[in-house]
Amino acid sequence: GQQLNQSPQSMFIQEGEDVSMNCTSSSIFNTWLWYKQDPGEGPVLLIALYKAGELTSNGRLTAQFGITRKDSFLNISASIPSDVGIYFCAGVPNTGNQFYFGTGTSLTVIP
Amino acid sequence: EAGVAQSPRYKIIEKRQSVAFWCNPISGHATLYWYQQILGQGPKLLIQFQNNGVVDDSQLPKDRFSAERLKGVDSTLKIQPAKLEDSAVYLCASAGELYNEQFFGPGTRLTVL
């Protein structure tokens, strides 16, 4: 199956700092999505991207659909303690409708 | 709007036993997905339904896993017999017209001893 590689694998940051993470694939994707998962819960959709180059914001979160269509980026500005969790990218390749998830980035925010 | 409901939330069984999980999607969502999430990994798609038909079950271990969505609404995922490596969280998700925007339930955490 498709491999989506996320980096970094984990991050420890101070409250108020900005955060950047990315997701790369070996294949072209038509859709990129970013989810956040809290312990004991299912992933929650944060941002969906449908066009190469698209830049979309949701509050303090901004995500971009890479121009090559093989990557995507998520930025969180002015982090707060409730940003703690695991962030997953997910995507749909241009061949088929199957949904693939990345390996996840674990974020810890130190107050 | 009520979210995706799943039950039970937790299940502990011994290997070779059978187990079933239930999912009720968001009302009106035609597409339903079952995922397996092993600790420390992202969710992996097991099966996708469109109404009561199977769209994709290529990653479902059919020798032991089965799923149905008989009336096109709620769905059941069964494992029979369970193996140790089936220990994971089983997530159900549903999607409406924007089928790429999937909404997840809280999951069922399965432990196989």
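Coordinate-derived values only; no laboratory data. From a predicted model like this one, the values you see are computed outputs, not experimental measurements.
Give the lysines whose C-alpha is closer than 18 Å to that of A:K70, dropping any in the same chain fewer than 8 places away, or say none. Correct list for A:K70: A:K51. Put simply, the convex hull of the Cα atoms in the protein assembly as shown casts, on average, a shadow of 12.1 nm². Segment B:V55..B:E97, full-extension length gain: 13.6 nm, with 0.36 nm per residue of separation and the alpha-carbon distance subtracted. Straight-line reach from B:K15: taking Cα to Cα under 25 Å and skipping same-chain neighbours fewer than 8 places apart, the lysines in range are B:K44, B:K62, B:K78, B:K83. You can think of it this way: the chain between A:N75 and A:V44 has 9.5 nm of extra reach, that is 0.36 nm per residue less the Cα-Cα gap.
From the Kirkwood radius over Cα pairs of segment B:12-113, Stokes-Einstein at 4 °C and 1.567 mPa s returns a whole-number translational diffusion coefficient of 95 µm²/s.
Structure remark: mean-square fluctuation, Gaussian network model of chain A, C-alpha springs under 10 Å; the largest value among A:P39, A:P93, A:P81 belongs to A:P39. Expressed as a fraction of 2.2 N^0.38 Å, the C-alpha radius of gyration for segment A:30-73 is 1.21. Within segment A:36-111, all pairs of alpha-carbon atoms sorted by distance into 10 Å bins from zero give the percentages 17, 49, 28, 5, 0.
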